[in-house]
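Data block below; observations after.
The values are calculated or read from the model by the stated rules, or taken from the named source; none is laboratory data. Just so it is clear, the model here is predicted, and its values are computed rather than measured. Glycine also receives a Cβ, built like all others from the backbone with ideal geometry; neighbour counts cover every protein chain displayed. What goes into the accessible areas is simple: the full protein's heavy atoms, side chains included, and nothing from ligands, DNA or RNA. Shrake-Rupley method; radii C 1.70, N 1.55, O 1.52, S 1.80 Å.
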Amino acid sequence: MDFRDDVDLDASQVEEGGGGFPGGGLAIGGGVIGVVALVVALVLGVNPADLLSGGGSSSGGSTGARPASDLTAQCKKGSDADQSDKCRVVGVVNSVQRYWRDAFAERGKQPYRNARTVLFTNAVTTGCGRASSAVGPFYCPADSRVYLDLGFFTELESRFGAKGGPFAQAYVIGHEYGHHVQNLLGTTRRAGGDSQGADSASVRLELQADCYAGVWAKNAVDTGFYESPFTKTDIQEALDAAAAVGDDRIQERTQGRVDPEGWTHGSSRQRVKWFTTGYTTGSPARCDTFSGAV
């Protein structure tokens, strides 16, 4: 996935957050493998509140993020995104949001509103509470931000068997921005609090976010940030990452058995299926995970 060398990056869409250690009660919105932390916590007898704490306001809150001036100086052109992990995040975020801005305008929906990504280490304060990096990447609807500890991608490879690679990172970011789209469209609110089980609203929201990530991938070259469409190798990195974070595979690795009643994100097969649906069709309209079986 090569960026166009001369394309301008907008580093204001990505912030660098602070570090620290959280404590308190549980509160979070969304996440690509937040279920990992919860499953591990329950199996090992850890209090889930130690992984992510409350205190966030539903109307937003301070993120503890520093101004993005450092990234603005570092990440100016697409060539920078090919050389730096942080600048690659900027480039992917820019492309994802360019796609959704145009998609909203084309379909006559309300204007798309940008969501910033916050890069942090160890822990960060969000509008949804204080979060540890143990919960993985997540989207907070209260402050419309995506939160990402870049160390997560090392964990994805070393602990969960994913092959990794730049497009695995892009898939994760595309998934989290799928949650932002759901928040803007009111899908998250309409889904309600059905948060667990193979047929739950939580699983359907997560699979739709996977589908939205695939839709962006199909249309990414049209956003002007990439030299050419993604290769089969790129897409395989995404499919491998999606499979690695399926509820069934995580449960098997952490507790030795599969329990669909405890699913929150969907099985490996389902996650691959819905990313593939988005990628092959390139249409958000084909991402209706709420009608019929998933």
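Filter region 188-200 down to residues that are assigned to a helix (DSSP H, G or I) and touching a residue at least 60 places away in the same chain (Cβ under 8 Å) and give me whichever is farthest from Val89 (Cα to Cα).
Ala191
If you take the residues of region 95-118 that are under 21 Å from Gly151 (Cα atoms) and open to solvent by less than 10 Å² (accessible area, probe 1.4 Å), which of them is nearest to the chain's Cα centre (by Cα)?
In this case the residue turns out to be Thr117.
Rundown of residues vs (1) within 19 Å of Ala213 (Cα to Cα); (2) free of Cβ contacts under 8 Å to residues at least 24 places away in the same chain; (3) part of a loop (DSSP other than H, G, I, E, B), yes/no style:
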{"position": "Thr72", "(1), (2), (3)": "no, no, no"}
{"position": "Ser79", "(1), (2), (3)": "no, no, no"}
{"position": "Gln83", "(1), (2), (3)": "no, yes, yes"}
{"position": "Cys87", "(1), (2), (3)": "no, no, no"}
{"position": "Val92", "(1), (2), (3)": "yes, no, no"}
{"position": "Tyr99", "(1), (2), (3)": "yes, no, no"}
{"position": "Thr117", "(1), (2), (3)": "yes, no, no"}
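Take Ala134 and decide whether it is out of contact with any Ser or Thr (no Cβ under 8 Å at 6 or more places or on another chain) and modelled with pLDDT under 90.
When the stated conditions are applied, Ala134 passes them.
Scan region 203-216 and tell me whether some residue there is in contact with a Pro (Cβ under 9 Å, 6 or more places away or on another chain) and hydrophobic (A, V, I, L, M, F, W, C).
Scanning region 203-216 turns up at least one residue that is in contact with a Pro (Cβ under 9 Å, 6 or more places away or on another chain) and hydrophobic (A, V, I, L, M, F, W, C).
Among the residues that make up region 229-239, is at least one of them outside any helix (DSSP H, G or I) and acidic (Asp, Glu)?
no
Sort through Asp222, Asp210 and tell me the only one that's at pLDDT 95 or above, more than 13 Å from Phe167 (Cβ to Cβ) and either open to solvent by less than 10 Å² (accessible area, probe 1.4 Å) or in a loop (DSSP other than H, G, I, E, B) (or both).
Going through Asp222, Asp210 in turn, just one is at pLDDT 95 or above, more than 13 Å from Phe167 (Cβ to Cβ) and either open to solvent by less than 10 Å² (accessible area, probe 1.4 Å) or in a loop (DSSP other than H, G, I, E, B) (or both): Asp210.
Among the numbered criteria (1) modelled with pLDDT under 90; (2) open to solvent by 20 Å² or more (accessible area, probe 1.4 Å); (3) polar (S, T, N, Q), which one does Asn183 miss?
(1)
Anything in region 119-158 that is surrounded by fewer than 18 Cβ atoms within 10 Å (Cβ to Cβ), in contact (Cβ under 8 Å) with a residue 24 or more places away in the chain and within 21 Å of Asp240 (Cβ to Cβ)? List them, or say none.
If the condition is that a residue be surrounded by fewer than 18 Cβ atoms within 10 Å (Cβ to Cβ), in contact (Cβ under 8 Å) with a residue 24 or more places away in the chain and within 21 Å of Asp240 (Cβ to Cβ), then Leu150, Gly151 are the ones that fit.
Determine whether region 113-131 contains at least one residue that is out of contact with any strand residue (DSSP E or B) (no Cβ under 8 Å at 6 or more places or on another chain) and of a type in the set (D, E, K, R).
The answer is yes; a qualifying residue exists.
Residue by residue through region 241-276, note down the ones that are part of a helix (DSSP H, G or I), at pLDDT 90 or above and open to solvent by less than 30 Å² (accessible area, probe 1.4 Å).
Selection gives Ser268, Gln270, Arg271, Trp274, Phe275.
Which members of region 145-188 meet the condition of being under 20 Å from Ser283 (Cα atoms) and in contact with a Cys (Cβ under 8 Å, 6 or more places away or on another chain)?
Scanning region 145-188 gives a single hit, Gly178.
Please indicate, with yes or no, whether at least one residue in region 66-76 is within 22 Å of the chain's Cα centre (by Cα) and at pLDDT 95 or above.
Yes, some residue in region 66-76 is within 22 Å of the chain's Cα centre (by Cα) and at pLDDT 95 or above.
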